[in-house]
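Structure record follows, encoded as structure tokens.
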Amino acid sequence: MIEVNKDNFEAEVLNYKEKPVFVDYWGDKCETCKQLMPDVHKLEEKYGDKIKFCSLNTSQNRRLAIAQKVLGLPTMIVYVNGEKAEVLTPDKISSAADIEEMLKKF
Amino acid sequence: MSNVYDIIIIGGGPAGLSAGLYGSRSKLSVLVIEKGKFGGQATTTAELENYPGSIENCTGPALTERMKKQAEEFGTEFIKDEVVSVDFTSDIKKVLCKNGEYNAKAVIIATGAEPRLGGFEREIELRGRGVSYCATCDADFFEGLDVAVIGGGDSAITEAIYLTKFAESVTVIHRRDSLRAAKSLQEKAFNNPKIKFIWNSVVTCAKGDEILESLTVKNVVTGETSEISVNGVFVFVGLNPITSVFKGHINLNESGYIPTDENMRTNVEGVFAAGDVRVKSLRQVITAAADGAIAAVAAEEYINEKFNK
């Protein structure tokens, strides 16, 4: 997983064109996010060749998250050519299976 | 038949974890099945100041993590899976999950409850975009911004106070003219300069382009409506039990909660319920933990009588 932040978000996510980019928006105080993390790493092993995996700590990059219209955790977004292609808001994530369903579309 | 556990506990919140601890300490084989996050709703609470012994640095996540570890040390097994159906008709109970089937002599249902929706327009659409049900998870997005809290009970007021650490202002919108929360909480809230109150009012609509910008608030006495500008709204208007998968297999009351006797027995032999999912007057970590302990002991007694004669 590539840790993205305000300095590299544009290069690693918005301007990246080779394959879809998955961004796991998480935060220091979000227990659900932390419990999902090992499963997301497993998903990277499975889908990493087709999709680029990134994570973004919103506690340290609040403005960036809000600019991406993320105001709740966990949020999972897949970007294609810098545009949001799929968004999973917190209410749509009860387990890693929900994330996998989204990734299967790419 | 595959491995038969003594007890399967469905749900890994404080009730399930405490049942796991008591069960495995009695040398029973115990499996806890959790679909989402271990710790349950307690992981969304920043400060558990009403749990005995938790005077300082006792966050919900920290406490429930310790509960899990303690149960694990005595031998409780944990898996992440989601229950899709159950068969409680034989002596050996079957629990069918997405990734496998599990069998046990007794089952403890500790699936808990989840936040009820506020019931205003565009609520679902703006979830994770300003509409939240978890202050601990999302509070730090709102540093220096204005937020609202809907509700007047313990959860609403506790979280409103917590949010003042981040937000510029916290407006509590409550449909009555007084709070239901504990008096000590009310006092803290009334003395907090960042907290404002809008009484006798409900939120009818959330507005905003992609993210929340304002709420339409209706006074239920006068019928007047007004707009308040907020970037976040936290909804704490009660709970719904998580019992749909058990419908038709055990008795539920009209709200979906599970009635039990004082030993946590449901109407089906060998099936127990513990914690928020049960019909009870006080839904707290302390009462969930107590339920879990009682359920595990009752399950042990049941197993001894039924299977070990």
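General observations
- Region A:2-103 - Rg (one decimal) and Dmax (whole number), Cα, Å: 12.2, 33
- The base-10 log of I(q)/I(0) for region B:193-250, evaluated at q = 0.16, 0.20, 0.31 Å⁻¹, reads -0.66, -0.83, -1.28 [Debye formula, identical scatterers on Cα atoms, solvent excluded].
- Kyte-Doolittle mean at least 0.5 and Cα axial length at least 15 Å: DSSP H helices in chain B: B:285-307
- Dipole magnitude of region A:2-103, debye to nearest 20 (Cβ charges: Lys/Arg +1, Asp/Glu -1, about Cα centre): 300 debye
- Value at 222 nm in deg cm²/dmol, rounded to 500, when DSSP H runs of n ≥ 4 in chain B each add -39,500 (n - 2.57): -7000 deg cm²/dmol
- Divided by 2.2 N^0.38 Å, where N counts the residues, the Cα radius of gyration of the protein assembly as shown comes to 1.03.
- Check: the protein assembly as shown dipole with +1 on Lys, Arg Cβ and -1 on Asp, Glu Cβ, in debye: 360 debye
- Size of charge dipole - chain B - debye, nearest 20, with Cβ of Lys, Arg +1 and Asp, Glu -1, no other charges: 480 debye
- Distance histogram in 5 Å bins (all Cα pairs of region B:1-128, percent per bin): 2, 11, 18, 19, 17, 13, 9, 7, 4, 1, 0
- Normalised per residue, the volume of the convex hull around the Cα set of chain B (Å³): 139 Å³
- Residue-level accessible surface for B:Met67, protein heavy atoms, 1.4 Å, Å²: 20 Å²
- Percentage of interatomic Cα-Cα distances in region B:117-235 larger than 19 Å: 39 percent
- Once the Cα-Cα distance is subtracted from the 0.36 nm per residue extended length, the B:Asn200 to B:Ser85 segment shows a gain of 37.2 nm.
- Dipole of region B:208-301, positive direction: furthest Cα of B:Asn231, B:Val285, B:Met264, with charges on the beta-carbon: B:Met264
- The alpha carbons of region B:1-61 stretch over 47, 25, 12 Å along the principal axes, in descending order.
- Positive-end residue of A:Asn15, A:Gln35, A:Val4, charge dipole of region A:3-64 with Cβ unit charges: A:Asn15
The values are calculated or read from the model by the stated rules, or taken from the named source; none is laboratory data. Keep in mind it's a predicted model, so treat the numbers as computed, not measured. Because the Cβ atoms are built from the backbone with ideal geometry, glycine has one as well, and the counts that use them run over all protein chains shown. Please note that ligands, DNA and RNA were not included when accessible areas were found on the heavy atoms of the full protein model with its side chains. Shrake-Rupley method; radii C 1.70, N 1.55, O 1.52, S 1.80 Å.
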